[in-house]
Amino acid sequence: MSEKPVRFGILGCANISRKVSRAIRLAPNAALHAIGSRSIEKASKFASENGFPASTKIYGSYEAVTDDPDVEAVYVPLPTSLHVRWATLAAEKKKHVLLEKPVALNVSELDKILEACESNGVQYMDATMWMHHPRTAQMKEFLSDPQRFGKLKSVFFTLHWLIS
């Protein structure tokens, strides 16, 4: 692969960041460049516990991550009430935005995030992982087989689990 990997910064040490940071480290087209938290101690502990590369920059604030000129994209796993603030700030600083779901508290906030990304020429993506999982492509192929189902026009499903 000749392209340089996208350098990611992570804003916060939410539990979901463990999985996403691992995915970033394993992806051939991404690199984990920085982690920021409200305290440098928390960010350092998180990086250590999750096997971040020694080259990962550790910051004691979210803004320090967005200010890092080597960070090209930020992953925002913060509480939803903070998404509009940090996603728009990252976009204004020309960082691509990967936003954890739910992406906003309401449509108005999402519109602000999307406008910030569009007006600053950066990409926006929500962290809906199942869309990008190989199993999703396999399900689509399976369901699109006219020999099995004929021509499907829509699929409706219900998801539930038992709570004991």
Show that you can apply the helix-only estimate: for the chain, add -39,500 (n - 2.57) for every DSSP H stretch of four or more residues, divide by all residues, and state [θ] at 222 nm to the nearest 500.
-11000 deg cm²/dmol
Dividing the convex hull volume of the alpha carbon atoms of the chain by its residue count, what do you get in Å³ per residue?
183 Å³
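At 15 Å minimum axial length over the Cα atoms and a Kyte-Doolittle cut of -1.0, report the qualifying DSSP H helices in the chain, or say none.
What comes out of the filter, once short or polar helices are dropped, is 16-26, 107-119.
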Accessible area of the range 5-113 with a 1.4 Å probe: how many percent of it is carbon plus sulfur?
55 percent
Net dipole in debye of the chain [+1 Lys, Arg Cβ; -1 Asp, Glu Cβ; about Cα centre; nearest 20]:
540 debye
Could you state the accessible area per residue of the range 1-160 in Å², with a 1.4 Å probe and every protein chain left in place?
64 Å²
Under 10 Å, Cα contacts only: if you run a Gaussian network model on the chain, which one of 133, 96, 83 comes out with the highest mean-square fluctuation?
133
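Please check the chain for the longest run free of trypsin sites (Lys or Arg not before Pro) that are loop-located per DSSP (anything but H, G, I, E, B) and have at most 13 other Cβ atoms within 10 Å. Intermediate results must be reported in sequence, preceding the final value.
Details: sites that count: 38, 94, 151, 153.
My reading of the result: 95-150 is the longest stretch.
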Determine the percent antiparallel among the DSSP beta bridges restricted to the range 17-164, to the nearest 5.
0 percent
Connecting C-alpha atoms closer than 10 Å in a GNM of the chain, tell me which of 44, 144, 55 has the biggest fluctuation.
144
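The values are calculated or read from the model by the stated rules, or taken from the named source; none is laboratory data. The model shown is predicted, which means the values in this text are computed figures rather than measured ones. When we count neighbours, we look across all protein chains shown, and the Cβ atoms used for this are built from the backbone with ideal geometry, even at glycine. For accessibility, only protein heavy atoms count, side chains too; no ligands or nucleic acids. Shrake-Rupley method; radii C 1.70, N 1.55, O 1.52, S 1.80 Å.
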